[in-house]
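The values are calculated or read from the model by the stated rules, or taken from the named source; none is laboratory data. Keep in mind that what you see is a predicted model, and the values were worked out from it rather than measured. Glycine gets a Cβ as well: all are built from the backbone with ideal geometry, and neighbour counts include every protein chain shown.
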Amino acid sequence: MKKSNFVALVMGTVSGVFFALGMCMAMLPEWNAFRPGIIMGCIGLLIALITVIVWRKMEHKKPIKITGKAVLTVAVAIIGTLGLGVGMCMTMIWSHMVAGIIIGLVGIVVLFMLIPICKGVK
């Protein structure tokens, strides 16, 4: 295993743990830790961003250019993920089965749109 991959693995794991624990703290009312959970989740996201920067630097890759296509890709990914997540919450937590399934399926379709956006249609 290359050193850069090992560093990315460790940093990615740490960021994932911080993010997951932060979201559990924020979403579980029994813990009474909404604000610290949001802070910990943001720390996890920050570590994930640093992981990408460090890995790219160790691999001697150019920094990521922010283009219209990159912004569109990220926006579609966020919208699709939120749609899928809201659909799951509506189904499992809020007991709105039909609406939750429909919104979740729309989120999945939006996520499938990422394939032609990233790879293109030939």
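State whether the residues of the stretch 32-51 include one that is surrounded by 11 or more Cβ atoms within 10 Å (Cβ to Cβ), assigned to a helix (DSSP H, G or I) and charged (D, E, K, R).
No; the residues of the stretch 32-51 include none that is surrounded by 11 or more Cβ atoms within 10 Å (Cβ to Cβ), assigned to a helix (DSSP H, G or I) and charged (D, E, K, R).
Quickly run through the stretch 1-31 and pick out the residues that are under 24 Å from Ile93 (Cα atoms) and outside any helix (DSSP H, G or I).
Scanning the stretch 1-31 gives a single hit, Leu28.
Do we find that Met97 is out of contact with any Phe, Trp or Tyr (no Cβ under 7 Å at 6 or more places or on another chain), loosely packed, with under 15 Cβ neighbours inside 10 Å, not assigned by TED's automatic domain parsing to the domain that holds Asn5 and not acidic (Asp, Glu) in this structure?
So Met97 fits the description; yes.
Restrict the check to the stretch 35-45 and report whether at least one residue is of a type in the set (A, V, I, L, M, F, W, C), under 24 Å from Leu114 (Cα atoms) and touching a Ser or Thr at 6+ places or on another chain (Cβ under 9 Å).
Yes, some residue in the stretch 35-45 is of a type in the set (A, V, I, L, M, F, W, C), under 24 Å from Leu114 (Cα atoms) and touching a Ser or Thr at 6+ places or on another chain (Cβ under 9 Å).
Over 26 Å from Asn5 (Cα atoms) and either among the basic types (Lys, Arg) or without any contact (Cβ under 8 Å) to a residue 40 or more places away in the chain (or both): which single residue out of Ile101, Ile117 fits that description?
Only one candidate passes the filter, namely Ile101.
Which condition number does Thr81 fail, the rest of (1) within 22 Å of Pro29 (Cβ to Cβ); (2) in a helix (DSSP H, G or I); (3) not hydrophobic (A, V, I, L, M, F, W, C) being met?
Among (1) within 22 Å of Pro29 (Cβ to Cβ); (2) in a helix (DSSP H, G or I); (3) not hydrophobic (A, V, I, L, M, F, W, C), Thr81 violates only (1).
If a residue has to be within 23 Å of Val14 (Cα to Cα) and assigned to a helix (DSSP H, G or I) to count, how many in the stretch 52-73 make the cut?
Of the residues in the stretch 52-73, 7 are within 23 Å of Val14 (Cα to Cα) and assigned to a helix (DSSP H, G or I).
Hey, any hits in the stretch 65-77 for a residue that's free of Cβ contacts under 8 Å to residues at least 24 places away in the same chain and under 14 Å from the mean Cα position of the chain (by Cα)? Give the derivation first.
Step one: of the stretch 65-77, the residues free of Cβ contacts under 8 Å to residues at least 24 places away in the same chain are 65-68, 70-71, 74-75.
Still in the running and under 14 Å from the mean Cα position of the chain (by Cα): 74-75.
Scanning the stretch 65-77, I find at least one residue that is free of Cβ contacts under 8 Å to residues at least 24 places away in the same chain and under 14 Å from the mean Cα position of the chain (by Cα), so the answer is yes.
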